[in-house]
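The structure appears below as structure tokens.
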Amino acid sequence: MAKKSAKSKGFRRQNTKKPYLSKREIAAVCVIAVLLAVGAFFLFRYDDGALKVQDGAVVADGDNWLIANGSNMRGRARYYKLGEIGEIEGYNREKGALTGDANIPEYVFKPSEEGGDVAVTVTCGHGSAEAMAEYARSTLEGIEITTAGEIQSAEMAGQPVKYYSYATDYTAKEAEAGDAAEGKASEETALYSRSVAGYIDAAHECCVIINVVSRGDSADDCQPEEVLTALLEKAAGAVTLDKGEKR
């Protein structure tokens, strides 16, 4: 008598489908989803101190704020208040704007007495004091009529400063009105400037930039480097930095 097969007896083999993800994998996905949601929340809610911008202009409460663009992404500017600039004895402060970005103020200090030939400018840049000093100095060295000294480090008014000196000697030709028509020779005027530039580290990977310059018709007409460096120290003393992590 032939034996009945298991199939003929009504037994059927059942193929159970395994889930695409194991319980452990499902739990891991849930954890990742929660972390992403929390990260997105803090991304949009996190306040890193960036100033508000309204109609393309930074909303600033003070007229002496030191402001820098702390972003290196084109079209994604983020402005930060680094501190404040005070007064320099014997100088009048004027507020302007940095060329190329009206939201970054540039403060110009001019002698309050007539006859003074030394001016001070204070502004801010994105980068460490050392990096900005090296970049600016290397740029100046590429100018044929400019000579730049070595970068030095010093503490000025209680703040670490990177600084260097540089001088520019160039000739500008100017013709008086009607000279060309009359065939007269152009008048040649030599102009010389001696400067000291200083850089102070600030928060948000930025720095404060101070430039002291003396101009005259020749090197003898300009103030010596020692006088300019002393004025740089005075200007550094007028800078009050906000508390924050520095580079």
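The values are calculated or read from the model by the stated rules, or taken from the named source; none is laboratory data. Owing to the predicted nature of the structure, the values given are computational and were not obtained by experimental measurement. Cβ sites come from the backbone with ideal geometry, for glycine too, and all protein chains shown count toward neighbours.
Quick notes on this structure:
- Evaluated against (1) surrounded by fewer than 13 Cβ atoms within 10 Å (Cβ to Cβ); (2) at pLDDT 95 or above; (3) in a strand (DSSP E or B), residue 160 falls short on exactly one condition, (1).
- Residue, surrounded by the fewest Cβ atoms within 10 Å (Cβ to Cβ), within the range 116-134, restricted to residues that are part of a strand (DSSP E or B) and of a type in the set (S, T, N, Q): 121
- Taken over the range 194-211, the criterion of being under 11 Å from residue 229 (Cβ atoms) and either modelled with pLDDT under 95 or among the polar types (S, T, N, Q) (or both) is satisfied by 195 alone.
- Here the condition is being at pLDDT 65 or above, more than 30 Å from residue 236 (Cβ to Cβ) and not basic (Lys, Arg); of 112, 71, 22, it holds for 22 alone.
- Residues that are under 18 Å from the mean Cα position of the chain (by Cα) and surrounded by 18 or more Cβ atoms within 10 Å (Cβ to Cβ) were ranked within the range 104-115; the one that is farthest from residue 87 (Cα to Cα) is 104.
- Taken over the range 197-242, the criterion of being farther than 20 Å from residue 130 by Cα and either aromatic (Phe, Trp, Tyr) or in a loop (DSSP other than H, G, I, E, B) (or both) is satisfied by 217, 218, 222, 223, 224, 238.
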